[in-house]
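The values are calculated or read from the model by the stated rules, or taken from the named source; none is laboratory data. All values reported here derive from a predicted model rather than from experimental measurement. Here the Cβ is made from the backbone with ideal geometry for all residues, glycine too, and neighbour counts use every protein chain on show. Calculation scope for accessible area: heavy atoms of the full protein, side chains included, ligands and nucleic acids excluded. Shrake-Rupley method; radii C 1.70, N 1.55, O 1.52, S 1.80 Å.
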Amino acid sequence: MKSALARTIVPRTGLAATLAASGYIHAQLYITGYRYIHVIGVMFLLQASASFAIAALLLIGDPPLIRLAAAGTAAGALGGFAVSRTTGVFGFVERGLQPSPQSLISILVETATLLLLAPALIRTLRRLRTARA
C-alpha cells in the first residue's frame, strides 16, 4: 500500500504544487501590471486560471487527459517565455530574467512540472510499444 501511495498521490501532489506555483506567479504578474498590456494581460490571466484548475483536478484524480493538459500548460508557458525574449508576442518583448524573481521561479516550476510528468509518459510509451509487439 505504501509503494502504491508513493507512486500515485505523492507525484500528483508535487505536480499540483508546481502548477499552482506557476498559476500564482502568472496571477501576481497580471495583478501587478500585466493586465494593462494588450492581449498579454489576458494570456497571463488564462495561464493562471488554467494552472489553478488543472492543479485542483490533479488532487482529485489522475486521468491521462489531465496530465496532458498539465504538460501543455507548462510547455505553453515556457514557450511563451522564450518567444517573449526573442521575437516577441503581439509586439511585447522582454529581456533577460525580468521581472525578477518571477521569471526564474516560473522557469523552474514549469520545468519541474514537465520533469514530474516524464515518468508517466515513459510508462505510457512502454505500454504502447509492448501492445504493438
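Could you tell me whether any residue of the stretch 34-51 is in contact with a Phe, Trp or Tyr (Cβ under 6 Å, 6 or more places away or on another chain) and among the hydroxyl-bearing types (Ser, Thr, Tyr)?
yes
What number goes with the only condition from (1) open to solvent by 60 Å² or more (accessible area, probe 1.4 Å); (2) of a type in the set (D, E, K, R); (3) assigned to a helix (DSSP H, G or I) that ARG67 does not pass?
Unmet for ARG67, out of (1) open to solvent by 60 Å² or more (accessible area, probe 1.4 Å); (2) of a type in the set (D, E, K, R); (3) assigned to a helix (DSSP H, G or I): (1).
Identify, please: which residue in the stretch 78-121 is open to solvent by 80 Å² or more (accessible area, probe 1.4 Å) and in a helix (DSSP H, G or I) and is, among those, nearest to ILE31 (Cα to Cα)?
Checking each candidate, the answer is LEU104.
Of everything in the stretch 9-37, what is over 13 Å from ARG67 (Cα atoms), of a type in the set (A, V, I, L, M, F, W, C) and in a helix (DSSP H, G or I)? Give them in sequence order.
If the condition is that a residue be over 13 Å from ARG67 (Cα atoms), of a type in the set (A, V, I, L, M, F, W, C) and in a helix (DSSP H, G or I), then ILE9, VAL10, ALA17, ALA20, ALA21, ILE25, ALA27, LEU29, ILE31 are the ones that fit.
Return the residues of the stretch 38-58 that are without any contact (Cβ under 8 Å) to a residue 40 or more places away in the chain and more than 16 Å from the chain's Cα centre (by Cα); say none if nothing qualifies.
Hits for the stretch 38-58 are GLY41, VAL42.
Taking the options ILE31, ILE60, name whichever one is at pLDDT below 95 and of a type in the set (A, V, I, L, M).
ILE60
If I filter the stretch 25-50 down to residues being of a type in the set (Gly, Ala, Ser) and over 15 Å from GLU94 (Cβ atoms), which single residue comes out as most open to solvent (accessible area, probe 1.4 Å)?
Looking only at the stretch 25-50, we keep the residues that are of a type in the set (Gly, Ala, Ser), and these are 27, 33, 41, 48-50.
Subset that is over 15 Å from GLU94 (Cβ atoms): 27, 48-50.
On the way: ALA27: 25, ALA48: 4, SER49: 61, ALA50: 37 Å².
The qualifying residue most open to solvent (accessible area, probe 1.4 Å) is SER49.
Mind checking whether some residue in the stretch 18-37 is more than 17 Å from the chain's Cα centre (by Cα), farther than 24 Å from LEU115 by Cβ and touching a residue at least 24 places away in the same chain (Cβ under 8 Å)?
Within the stretch 18-37 (the criterion being more than 17 Å from the chain's Cα centre (by Cα), farther than 24 Å from LEU115 by Cβ and touching a residue at least 24 places away in the same chain (Cβ under 8 Å)), the answer is yes, since at least one residue qualifies.
Pull up the stretch 1-24, narrow it to residues that are modelled with pLDDT of 85 or more and of a type in the set (Ser, Thr, Tyr), then point me to the one that is surrounded by the fewest Cβ atoms within 10 Å (Cβ to Cβ).
Out of the qualifying residues, it is THR13.
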